[in-house]
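Below is one structure, written out as structure tokens; the observations come after it.
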Amino acid sequence: MSMTETARAPVFDLGAFISLAVIGLTAFLTVVDLFATQAILPALAMHYVVSPAAMGVAVNASTFGMAISGLGVALFSARINRRAGIIAALLLLSVPTVLLAHAPDLMTFTLLRVSQGVLMAAAFTLTLAHLGERCTARAASGAFAAYITGNVASNLVGRLVAAGLVDNFGLATNFYVFAALNAAGGLLVFFTIRNAHKMGAAMAPPAPWVAFAQHLANPALRTAFAIGFLILFAFIGVFTYVNFVLVRAPLTIPMMALGLVYFVFLPSIFTTPLAGQIVQKFGARNAIWYGLGLAMLSLPLMLAQSLPLVLAGMALAAIGAFFAQAVATGFVSRVATGDKGAASGIYLASYFLGGLVGSAILGQLFDRFGWAACLAGVGVALGVAAILAAGLGAPKQAST
């Protein structure tokens, strides 16, 4: 069974359901340790004896590697075999993950996280390209939503597993387990993706800069790239530094319970797959506004001194951010002409660059002025993204 067959199958077909599950599981294993490390940020900060902001930037340095990798794939996408590239990236990803268990200092840790990011983004971008090139325009929204749902699940399960492993077995064991999951992702792709012809007539690959320039010249795509930047900018600000809020008074959550907190991602596993249907009915612009609006509503809740209110805010922030990301990802694939791999690469480069910038800027706000200032920065990013979304065109145009 190939990922290609997924999006063309009928909605209630068992084979289509299994194939969508394979897409989601592939995404899960690709990025499972991207944000899992955030759940153990307090333990890492104590281990390396550094400030929350310094550790936050080191952990999120993976987003810098992902931005670089996204640009690289964007430039050379047409010349990269999708299946071989995904398998190689996932198998190689296990190497820096293992080495993190033995990183002697913060600089080494940071460089290894960058290496992880390069390989994760290569697999991520090539998988999106594979889906975009082999799905019909109508089916693409569902396929991309399934992939982003796997991303959501990785945020939940990865954080739970990381917190539990560190609490019971220590930091080193945590990284060994995640290295095994990375390798499992490569094996899954080996057995589930096969080389297939792209939809449409085969064309000779253009010069690397041609597709890159073509996508950047498209106003709708430029807007989507900017929105992606702001989505992860905001997401990083919430889910990196909230960990320090949760373990401090008055909430004072122990490490193992900190992992359990991330059940707040569970609703997103059910809401994110709806993104494709919402886009078809209301258009990408309105769908993105819906996601961003939910994220905005979460901010005052996370300022509360009550754990249930903070958790409710985190759940809303996750639902809104993942929903908006699914819509934006599918929008890029639908609007892009020519090399869809290049368009996906540019989008992911912008998206993950937003994460890196967000961790740095919002970390400084958190260190210097506190949690309220950090959330204010998140609110500004979400507001700008909502303004930009108006440029995606009328709902009917966005959903075609």
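None of the figures in this text is laboratory data; all of them are computed from the coordinates on show. Predicted model, so just to flag it, every value in this text is computed and none were measured. As a convention, Cβ positions derive from the backbone with ideal geometry for all residues, glycine included, and neighbour counts pool all protein chains shown.
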Fill in the blank from the handout: Farthest towards the positive end of the dipole of the chain, among L392, P250, S51 and with Cβ unit charges of +1 on Lys and Arg and -1 on Asp and Glu, lies the Cα of L392
Problem - Which of M107, M120 has the fewest Cβ neighbours within 10 Å, and the rest in rising order - result: M107, M120
Practice task
Neighbouring Cβ atoms within 10 Å as the yardstick, rank R248, R334, R113, R222 fewest first.
Solution key: R248, R222, R334, R113
Handout entry: Mean residue ellipticity (222 nm) of the chain, computed from DSSP H runs ≥ 4 via -39,500 (n - 2.57), nearest 500
Key = -26000 deg cm²/dmol
Handout entry: Furthest towards positive pole of dipole, G345, F239, L365, structure part the chain, Cβ charges
Key = G345
Handout entry: Residues R83, R285, R194, sorted so that the one with the fewest Cβ neighbours within 10 Å comes first
Key = R194, R83, R285
Exercise for the section: Please work out the FRET efficiency for the pair N168 and T337, using the Cβ-Cβ distance as r and a Förster radius of 60 Å; give the result to the nearest 0.05. Expected result: 0.70
Completion exercise
Taking R0 as 41 Å and r as the Cβ-Cβ distance between I361 and L187, the FRET efficiency 1/(1 + (r/R0)^6), rounded to the nearest 0.05, comes to 0.60
Handout entry: GNM top mover of V210, V166, V98 - the chain, alpha-carbon springs below 10 Å
Key = V210
Problem - Efficiency of FRET from Cβ geometry, K281 and M46, R₀ 41 Å, rounded to 0.05 - result: 0.25
Handout entry: Point-charge dipole on Cβ atoms (K/R +1, D/E -1) for the chain, about Cα centre, debye to 20
Key = 860 debye
Problem - Matching label, percent of Cα pairs over 33 Å apart computed from the structure shown, candidates [x] 40; [y] 55; [z] 25 - result: [z]
Fill in the blank from the handout: For T252, placing the label point 7 angstrom along Cα-to-beta-carbon and taking region 291-319, residues whose amide nitrogen sits under 17 Å are 305-308
